[in-house]
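Coordinate-derived values only; no laboratory data. This structure is a prediction, so every number in the text was calculated from the model and none was measured. Please note: Cβ atoms are built from the backbone with ideal geometry, for glycine as well, and neighbour counts cover all protein chains shown.
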């Protein structure tokens, strides 16, 4: 049962193969098994590749089975259309386009399996890429907000500087009237005289201005700080909104790109493995000698070809013979006097009718 199934997979004519020896049947069963297991590998590879796209197990398995059946049909067609010839060059020319197609199929099958085999290494590369993208994304978003925040911080620093300058001025006035009272500067008279009162009033006025300036600038600084907090909140919101896009940066194309960043030699050997599997039925057919199945198949095909060639030749001969007979018949008829007189009579009547019609038309014109 299993042997018949693999023979079916090989694309060989089972009716002819059943008349062949067990060795010939086993050869084509082996070719069919290679075709079948290649399709199984293609199904697994496609299911994994599609799972990275859809993130749905059942959808991936369904389309993976469709892809596996497609590869199975292609491989079966490639193997079944290669026929043994008497000339090796003809066989190689016949197999060349099929080998190219097998190489393409091997690439398509091996790449998703490479992604699975090197999954841990690919995840490490993707993690590094995600970190780089995160930093780049934060810097790019920060470029939208940093100038505004820097401007607001500069305004806060300016307001604080005004308060500091005013405090220094008030402190200077304080020292002035204190030293005046102590007699160490100014009039150098100990006590609180008129000059002391004047300086004290000036200090008190500046102190009142300082208190008012602190109150006004505090309100302004709080407003600016709230605006900075608002901008920082908007920055954090933008980073949070864009971060999931970066976190999901692990699709099929991203993984293939990450695989390209890894050393090429292991991937190349895996590709060679699948190339050997995919081309092995073709190579086996090319290297194997012409077997019993090939002779029986050639005999069956040449029977049909000979019959078709014979039928075509008979039809061509029939047409040629019929043409020769017709030519001889019409040649003999052309020499008969009765036929000549009849055609002469009809030609005379035709010329009379033409003359009458021309005369009638001319009268109508006049």
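Listing for the model above:
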item: Length-normalised contact order for the chain - Cα pairs under 8 Å, 6+ apart - percent; result: 22
item: Gyration tensor (Cα) of the stretch 125-252, equivalent ellipsoid semi-axes in angstrom; result: 58, 13, 8
item: Per-selection metrics, the stretch 27-105 (Cα): Rg and Dmax in Å; result: 15.5, 52
item: Taking 250, 299 and counting other C-beta atoms within 10 Å, the order from fewest to most; result: 299, 250
item: Radius, Kirkwood style, for the stretch 226-366 when every pair of distinct Cα atoms is counted (Å); result: 27.8
item: Principal axis dimensions, the stretch 308-365 - Cα atoms, whole angstrom, descending; result: 67, 30, 8
item: With Cα atoms, 0 to 90° folded angle of helix 119-182 axis to the chain main axis; result: 20
item: Rounded to 10°, Cα long-axis angle of helix 22-54 versus longest principal axis of the chain; result: 30
item: Theoretical ellipticity at 222 nm over the chain - DSSP helices of four or more residues, -39500 (n - 2.57) apiece, nearest 500; result: -32000 deg cm²/dmol
item: Distance between modelled label sites at residue 116 and residue 344, nm, 7 Å Cα→Cβ extension; result: 9.7
item: Cα long-axis angle, helix 57-80 against the chain (0 to 90 degrees, to the nearest 10); result: 30
item: Mean shadow area of the chain, taken as a quarter of the surface of its Cα convex hull (nm²); result: 58.1
item: Sequence ranges 39-45, 314-320, ranked by mean other-Cβ count within 10 angstrom, highest first; result: 39-45, 314-320
item: Euclidean distance between Cα centres, the stretch 48-126 to the stretch 202-268, Å; result: 48
